[in-house]
Every structure is written in C-alpha cells, then in structure tokens.
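First up is the structure itself, then whatever we jot down about it.
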Amino acid sequence: MAHIPAASLGNKNKKHFLGVPAPLGYVAGVGRGATGFTTRSDIGPARDANDVSDDRHAPPAAKRKKKEEEEEDDEDLNDSNYDEFSGYSGSLFSKDPYDKDDAEADAIYESIDKRMDEKRKEYREKRLKEDLERYRQERPKIQQQFSDLKRNLIAVSEEEWANLPEVGDSRNKKQRNPRAEKFTPLPDSVLSRNLGGEAQTTIDGRSGLASMIPGVATPGMLTPSGDLDLRKIGQARNTLMNVKLSQVSDSVAGQTVVDPKGYLTDLQSMIPTYGGDINDIKKARMLLKSVRETNPYHPPAWIASARLEEVTGKLQMARNLIMRGCEQNPQSEDLWLEAARLQPPDTAKGVIAQAARRIPTSVRIWIKAADLETEPKAKRRVFRKALEHIPNSVRLWKAAVEMENPEDAKILLSRAVECCGTSVELWLALARLETYENARKVLNKAREKIPTDRQIWTTAAKLEEANGNIHMVEKIIDRALSSLSANGVEINRDQWLQEAIEAEKSGAIKCCQAIVRAVIAIGIDEEDRKQTWIDDAENCAKEGAYECARAVYGYALSEFPSKKSIWLRAAYFEKNHGTRESLEALLQKAVAHCPQSEVLWLMGAKSKWLAGDVPAARGILSLAFQANPNSEDIWLAAVKLESENAEYERARRLLAKARASAPTPRVMMKSAKLEWALDNLEEALKLLDDAVKVFPDFAKLWMMKGQIEEQKALLEKAAESYNAGLKRCPNAIPLWLLLAALEEKRNLLTKARSVLERGRLKNPKNPLLWLAAIRIEIRAGMKDMAHTLMARAIQDCPNAGELWAESIFLEARPQRKTKSVDALKKCEHDPHVLLAVSKLFWSERKLQKCRDWFNRTIKIDPDFGDAWANFYKFELQHGTEQQQKELIERCNAAEPKHGEEWCKVSKDIANWCFKTEDVLKAVVRNLPTPI
C-alpha cells in the first residue's frame with residue numbers, strides 16, 4: 001500500500017463549501033427552524049459608496065499588503081519603467097535636497113493654483129450648496145421624518161398619556177392600570193399593636209388586613225370600630241416628624257441647627273462665583289504660596305493671596321490668610337487696611353484698633369477707623385485721638401474740621417495752623433470762618449509763615465472787595481507781585497490768568513480785572529503783544545470769563561487805540577456777550593479813535609436802529625458822512641434806514657445825491673430796486689437802461705432789467721436783455737438760469753436745453769447748470785433722460801452736494817438709502833446732502849434721527865436758509881410749541897441769506913420788507929412734505 005501524505009488527508013476531510021460564497025437567499029439555520037438576522041458585518045459600515053475609504057480599521061494583512069504596494073511603487077524608477085516621451089512613471093527627485101529655488105518654485109505654483117481656484121470659487125460654493133440641499137432632501141434626519149407625527153401629539157389626552165406602556169415592560173399590565181385593585185403590605189407592628197384596649201378576635205372584611213390573611217381569625221387584633229384607617233396613621237406619623245423637627249430647629253444646645261426655610265438659601269452661597277478656569281486658580285494659588293513661603297515679609301503676596309480666595313468665593317480662607325499676613329508684617333498698613341476691608345463691620349473695628357496700636361502714626365489707618373464708625377460723636381473721638389499721635393497731618397486736621405460746627409471748627413483750625421503752619425488750605429479755611437478784622441490778621445500771619453504762595457494774596461484781595469474796599473484790591477495785587485518776586489517766586493503769567501478766571505467765577509470782578517491788568521504784559525515780546533492779547537481774550541471768552549476778556553480788550557485798546565481790528569473784535573464780543581449799552585459805549589470810543597472805519601459807524605447806527613432810536617441812527621450816519629465823504633456803504637446804509645422806516649422820499653433824495661457824487665454799480669442797482677419795490681417800473685427800467693450803459697459788466701443790472709420786463713409780460717425783450725447780459729458777463733450763472741427758465745416758460749424746451757448746454761460750455765464743471773438741466777427733464781416727464789443727465793453730471797462734478805442731494809430723491813424709494821450712503825461718502829459735510837438725508841428720515845417717520853440730522857445741518861452751515869425752513873416745517877408737524885419758538889429764535893440769530901427756496905422768497909421784490917422770521921414762515925408755506 002502506497003504511502004499517503006498527511007496534507008492530502010487534510011484536503012480530503014475538508015468540506016467543499018468552506019471558503020465559498022453563500023448561495024443567493026441563503027439564511028443560516030433556516031432548515032432547523034431558526035430565524036435569520038443581519039448584523040453590521042453582513043451589510044458593511046454605514047458609509048456612502050462615494051465616501052473616501054478609511055484604512056484605520058483594516059486587518060493587519062491588508063495593511064501589510066498596502067505597504068508592499070507602496071514600496072513597489074518606489075522601486076518602479078528603473079530602466080524598464082522609462083518611456084522616451086513621458087519619462088519615468090514616478091518621481092525622479094524625491095531623494096534630492098529641497099533648497100531655496102524649490103521653495104520659490106513651489107510658492108509660485110501654489111499662488112497660481114490659488115488664483116485658479118479663486119476663479120471657480122463662487123461656482124464651486126454654489127454647487128456645493130446645491131449638493132448639500134439635495135442630499136438633505138434625499139436623506140432627511142429621523143427628527144425631520146417624524147415631525148408631522150410629533151405635531152399630532154397635541155391631540156393626545158392626559159388619560160391616553162397615562163395608559164402608554166413603559167419601554168420594555170409588557171408583562172405587568174395590571175400594575176399600570178389605575179383602576180385595578182391594589183394591595184398595600186403592612187408591617188407586623190400594625191398587626192401586633194393594641195390600638196383600642198379591647199380584645200377582638202375577628203378582622204373586619206372591609207379592612208386591608210382581611211385581604212392579607214383571608215379566612216383566618218387572628219387573636220390579639222384589637223380594633224375599636226372594626227376599621228383600620230391607614231390614612232390617619234400616616235397623618236399621625238407626619239405630625240410626629242414635624243414636632244421632632246421643630247424641637248431640633250429650636251434647640252441651640254447642639255452643634256447642628258436646622259433652618260428648614262433658609263436651608264436652600266444657604267446652599268446657594270456654596271456656589272462658586274468665579275467663572276474662570278479652575279486650573280488658573282490652582283496655578284495662581286501655588287505660585288502665591290511659593291512667594292509667601294519664600295518671603296513671608298512681603299505684604300503684596302499676602303494681599304494677592306487673600307484677594308484670590310475672595311474672588312473664588314472662599315471669604316473665610318481669605319480672612320485667615322490676611323490675618324496671618326498681619327502677624328508676619330505688623331508694620332504694613334496696607335495689610336491692616338485689607339484685613340479691615342475683608343472683615344465684617346464689627347470685626348473690622350477690632351482689626352483696625354489693633355492696627356492703630358501697632359502703627360499709631362499711620363494716617364490712613366486712623367481715617368479708616370473713623371470711616372468704620374457710624375455715629376458722628378464716635379468719628380470726632382477717633383479724629384481727636386489720631387491728632388494726638390499725628391499733630392502735623394493736614395489731612396487729619398481737614399477731616400476733623402469737617403466734622404465740627406463753625407465755632408468748634410474755628411477753634412480746631414486755630415490749633416491746626418499752629419501745628420501745620422505751612423498748609424495754605426488751613427490758613428484760608430480759618431480766614432473764611434473769621435470776621436473781617438480777624439481774617440485780615442489771619443492772612444497777614446499766613447503771609448509771614450508762607451511768603452511764596454499767591455493764593456493768600458488773592459484771597460486778601462477778594463476779602464477787601466467783598467467788604468467794599470475796592471481801592472485796596474489793586475494795591476494788594478501789585479504788592480503781591482513785588483513780594484513774590486522778592487522771595488524768588490517766578491511770576492507765571494498763565495497761572496495768574498487762571499487765578500483771575502477763578503476769581504471771576506467766585507464773584508470777585510474787581511479782583512480778576514486787577515490781576516489781568518497786573519500780569520497781562522509780563523513776559524511778552526513787543527511785536528507779539530497784539531496777537532497774544534487777542535488770543536488771551538478769546539480763551540477767556542471760551543471759558544465763560546467775560547469780565548476777564550473785557551479787561552484784556554480794555555488793556556489792549558489802551559495800548560493800541562488806533563487798531564481797527566482790536567476795536568472790531570471788542571465790538572463783536574460786546575455784541576455777543578454784552579449789553580446794548582456796553583456795545584454802544586464801546587462803539588462811541590471806537591469811532592472817536594478810528595473815524596475812517598465805516599464798519600464801526602455802521603455797527604453803531606444799526607444798534608441804535610434795532611433799539612428803535614431812528615433819529616440817533618441818523619445822527620450817527622450823518623457823523624459817518626462827515627468822516628467818510630462819498631462812502632458807498634454809508635450812503636446805502638442811510639438809504640436802507642430810511643426805506644425800512646417808510647421814509648421813501650428821503651431814501652430817493654439820498655440815492656439821487658449818491659448817484660451824483662458816487663455813481664457806483666451798487667448805488668445804481670439800489671436806486672432801481674427802490675423804484676421797483678415801489679412799483680414804479682418805468683422809472684426802474686429807465687434807471688437800469690442808463691446803468692447798463694455805464695456799467696455793462698455788472699450782471700445784476702441785466703438780471704433786474706430782464707426780470708422787470710418779465711413782470712411786464714415783455715418776454716421777447718426780457719430774452720434780449722438776458723442775452724445781452726450774457727455777452728458781457730458769460731460767467732454769471734444766475735443769468736444763464738434766468739434765460740433757461742424764461743425759454744421753458746415760453747414752452748421752448750429745446751431752446752432751454754440749448755441755453756444750459758451753452759452755459760456748461762462757457763462754465764465747465766458747474767453743478768447749478770447741470771441741476772437746472774436735470775430739473776427741466778423731470779418737469780417735462782423725461783425721467784430716463786434725467787437719470788442719464790444725472791450720471792453725466794456726477795461724473796463731471798463728483799463732489800457737488802447739490803447734485804447728490806437731487807439724485808437721492810430721483811431714485812425709487814427702496815434705492816434712496818443706498819444712494820444717500822454714497823452721497824455721504826463723497827460729500828460728508830455738505831449741507832445739501834445732510835438736508836437730503838434729514839428729509840429721507842422724515843419721509844420714513846424716524847423723527848428723532850430726523851431732528852438730529854437737521855441740527856447737524858444747521859450747525860455746519862447756519863447761513864443755509866433751506867435747512868432752517870425744512871426744520872421749522874418738521875417741528876410744526878412733529879414738535880412742541882417750545883421747540884418751534886426756540887427754532888425761530890435760533891434762526892433770527894443766525895440770519896440766513898442763502899438757499900434755493902429761501903432766495904425765491906427773500907429775493908422776491910414783493911417781499912422786500914420781510915424780516916428773517918417772515919421769510920422763514922413764507923418759505924415753509926411753499927415747501928412740500930417729503931414722501
């Protein structure tokens with residue numbers, strides 16, 4: 001028999017189905033009645049087919065196989081793997097050094113890849129978002145799948161909720177049924193207890209005991225009524241527990257006292273208040289412990305440790321630490337003060353008392369001890385005890401004096417100045433409490449003790465002024481300067497001027513003026529005096545020290561009596577901060593020293609006129625004529641005075657004299673305007689015809705001539721006048737606008753457009769001409785053309801606020817806000833843009849924002865009348881009477897003169913006598929409400 005190898009025997013015994021995939025639909029154990037199931041190993045991990053594979057959980061054999069494949073890839077760089085066209089299939093330079101050139105090349109390639117990646121970034125993000133949304137729609141979460149069912153749960157009743165079975169418990173249905181009969185087991189003590197004192201041998205069938213011992217008579221069961229009420233037994237047990245708890249809570253003999261009401265509140269105090277990292281606390285605690293152990297005589301380490309514990313909520317530990325620190329460093333007042341701060345008030349008093357015994361010369365500790373006292377009497381006692389130990393502490397004396405009444409304070413201060421003779425504050429406080437005679441003595445003693453302090457001298461001057469000795473004030477100030485200089489004190493001009501301002505604020509007017517006159521010229525070069533004094537006066541006015549400013553101007557005018565600029569500044573100062581009488585007195589002196597200054601004469605005449613004294617105003621102007629013959633400004637001021645007071649014949653005679661003696665363009669224009677205002681159109685045209693022959697380059701004459709002809713309905717002649725004026729004055733923008741408006745009025749739109757086009761050619765980059773062209777198109781209904789023109793206009797004049805303001809309301813409502821942001825970027829401080837933004841907020845009913853922007857507009861340009869008018873209309877609709885009145889007062893003070901809507905009213909010849917308030921109200925009537 002041939003020998004058969006062992007391996008072949010093993011193969012023969014091996015089953016044929018081992019290692020072969022199972023047939024389709026095969027379930028293990030189904031033949032013997034088992035139920036098939038599937039595990040995760042059968043279906044694979046929960047991973048999408050497109051997901052990247054993960055080799056972390058691969059078997060070791062697979063990992064070895066992958067490693068061998070990678071090694072084979074590295075060995076592929078040989079001659080057999082070389083191709084003449086594409087080279088080696090692998091990397092030839094993987095083992096070469098990586099130098100600077102390689103890094104630079106990689107950086108360039110990386111930047112190129114990044115740039116190429118940015119080109120498709122938007123598309124890629126959009127694609128990714130779409131894929132994510134599609135994925136979520138195809139594979140919703142379980143929560144989303146059952147959301148409709150969860151919404152239906154609101155219809156489930158409370159009884160249905162109670163009948164829901166518990167998870168995994170389907171066997172004890174009777175226990176979950178509330179209607180099923182329940183049995184409660186009783187302890188043996190209930191059965192064996194003799195409750196009634198009478199022997200019973202039976203148990204009532206209605207009681208729970210019968211159910212536990214069915215059919216059995218139990219001897220010894222004693223019930224008084226045949227019933228056992230378990231509810232009453234439970235109530236008795238609860239009552240007994242309450243009695244015991246009350247006894248324990250009332251007892252103070254034991255270590256533990258139960259407070260049932262405050263127990264949870266006490267638990268709240270155990271919650272740490274520090275919200276930082278606990279590891280940081282541990283590190284800080286360890287470091288501070290190291291510092292304390294290394295140098296226990298370093299007080300800041302103990303303070304830092306205590307504050308760390310305080311922050312983390314361990315207040316008792318902080319107190320213990322700080323007290324240990326005080327034991328180690330008994331001479332550190334910082335430690336004692338910190339210990340007093342950490343302790344409760346009663347304990348803190350003891351701590352600070354101990355500190356005062358250890359460091360009796362510490363001012364801070366005594367001050368803290370006084371602060372801890374609540375009764376004024378106790379505070380006084382502490383301060384007096386402190387002054388026994390530290391008699392030369394100014395701080396303690398001041399604190400002690402503040403606690404006393406005036407009489408006792410005077411006694412204390414008398415002692416204080418003996419102990420602290422160099423304290424100016426104590427001397428001055430004592431002088432304030434004394435009578436006039438005693439105060440003089442006190443201040444004299446103070447000057448002897450402290451000869452280098454200026455406050456004592458100024459206090460003495462204020463004292464004399466307060467008691468009516470005005471003549472002594474200037475002497476004291478002069479003596480102060482000489483005495484301080486003799487004692488080596490430098491006279492600092494700025495400090496003395498500040499002292500003068502303080503004196504004025506305290507009511508010592510003569511003292512402040514004396515100080516100004518004494519120090520104003522100290523340390524200033526000859527050529528810098530005028531400008532320096534003007535700056536000093538302006539600084540005093542800014543700080544509200546008007547008497548100081550008046551004194552500076554007075555001294556400057558005494559040194560420079562013929563300087564017109566100083567007189568003007570002083571006059572404007574009096575106009576803004578003084579009275580009418582002070583202004584007129586100053587102007588009288590001014591015209592006496594500067595008779596050739598027309599402005600000063602006119603200010604004096606206007607002041608008299610505004611006060612209603614017309615004859616005095618005439619007298620001033622007649623004196624001005626004598627000093628300045630043939631002065632155009634004085635002639636016209638006289639004409640205005642007469643015409644405003646309805647003295648038209650006087651005004652005509654004055655103008656006739658002016659035309660004869662000083663025939664200027666303004667005089668001719670005012671002459672024609674007076675006749676025009678008095679409705680004497682023929683005489684006005686005659687005067688203008690003569691004027692344009694003599695002064696053809698004065699554009700206002702041509703404008704008035706054309707407007708009068710328009711008023712007479714001579715449109716052809718008006719157009720001829722405007723054209724003639726434009727030939728001589730091509731840069732007069734109002735002439736171009738008047739001619740364009742006339743052509744539009746004649747329904748010649750093409751001609752009007754042509755006029756504005758010619759105007760823009762003659763005057764490039766002019767926003768007003770562009771604006772007029774745009775508005776012509778808007779009025780003609782050509783809104784698209786208006787948009788086109790607006791784009792060209794903004795391109796030509798990018799910083800024109802008028803154009804940007806118009807463009808905001810040219811847009812539809814949703815786009816206006818964006819347009820306003822662009823306008824503010826280009827013209828941040830332009831009043832037209834700010835006004836447009838204010839109207840935009842008004843149209844959106846954002847009232848407070850609207851009011852703020854209106855205020856900003858009139859603050860930037862108070863001369864812009866349109867802003868005042870719109871603001872007043874807004875206040876009429878949404879403000880109070882007080883706000884409206886205040887706005888009118890502010891407008892009258894500002895006297896605006898410019899603005900498109902404003903000038904339409906103020907320049908109208910029918911309104912030539914209107915005041916500022918009249919113009920404001922007339923403009924408001926014509927303004928539309930923003931929508």
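The values are calculated or read from the model by the stated rules, or taken from the named source; none is laboratory data. Worth saying up front: this structure is predicted, and the values here are computed from it rather than measured. Here Cβ is always computed from backbone atoms with ideal geometry, including for glycine, and neighbour counts include all displayed protein chains. Just so you know, the surface numbers come from the protein's heavy atoms only, side chains and all, with ligands and any DNA or RNA stripped out. Shrake-Rupley method; radii C 1.70, N 1.55, O 1.52, S 1.80 Å.
The table that follows gives values for the structure above.
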item: Number of positions in the range 623-669 that are aliphatic (A, V, I, L, M) and assigned to a loop (DSSP other than H, G, I, E, B); result: 2
item: When residues of the range 651-690 are limited to those that are among the hydroxyl-bearing types (Ser, Thr, Tyr) and under 57 Å from the mean Cα position of the chain (by Cα), the one surrounded by the most Cβ atoms within 10 Å (Cβ to Cβ); result: 671
item: Cβ pairs under 6 Å, 6+ apart, first in the range 475-493 and open to solvent by 30 Å² or more (accessible area, probe 1.4 Å), second hydroxyl-bearing (Ser, Thr, Tyr); result: 487/452; 489/452
item: Restricting the range 780-805 to residues that are out of contact with any helix residue (DSSP H, G or I) (no Cβ under 6 Å at 6 or more places or on another chain) and part of a helix (DSSP H, G or I), the residue that is least open to solvent (accessible area, probe 1.4 Å); result: 796
item: Candidates 660, 637, 624, 651, filtered to the one that is touching a Pro at 6+ places or on another chain (Cβ under 9 Å) and either closer than 16 Å to residue 602 by Cα or without any contact (Cβ under 8 Å) to a residue 24 or more places away in the chain (or both); result: 624
item: Residue among 499, 465, 538 that is assigned to a helix (DSSP H, G or I), more than 24 Å from residue 589 (Cβ to Cβ) and modelled with pLDDT of 85 or more; result: 499
item: The one condition in (1) open to solvent by 80 Å² or more (accessible area, probe 1.4 Å); (2) not in a helix (DSSP H, G or I) that residue 521 fails to fulfil; result: (1)
item: Hits in the range 806-837 - residues which are in a helix (DSSP H, G or I) and among the aliphatic types (A, V, I, L, M); result: 808, 810, 821, 823, 824, 833, 834, 835, 836, 837
item: Filter pass, residue 444 being in contact with a Cys (Cβ under 7 Å, 6 or more places away or on another chain) and either outside any helix (DSSP H, G or I) or not assigned by the TED database to the domain that holds residue 469 (or both); result: no
item: Residue match in the range 730-743 (condition: part of a helix (DSSP H, G or I), charged (D, E, K, R) and open to solvent by 30 Å² or more (accessible area, probe 1.4 Å)); result: no
item: Residue within the range 320-332 that is out of contact with any Gly (no Cβ under 6 Å at 6 or more places or on another chain) and over 30 Å from residue 280 (Cβ atoms) present; result: yes
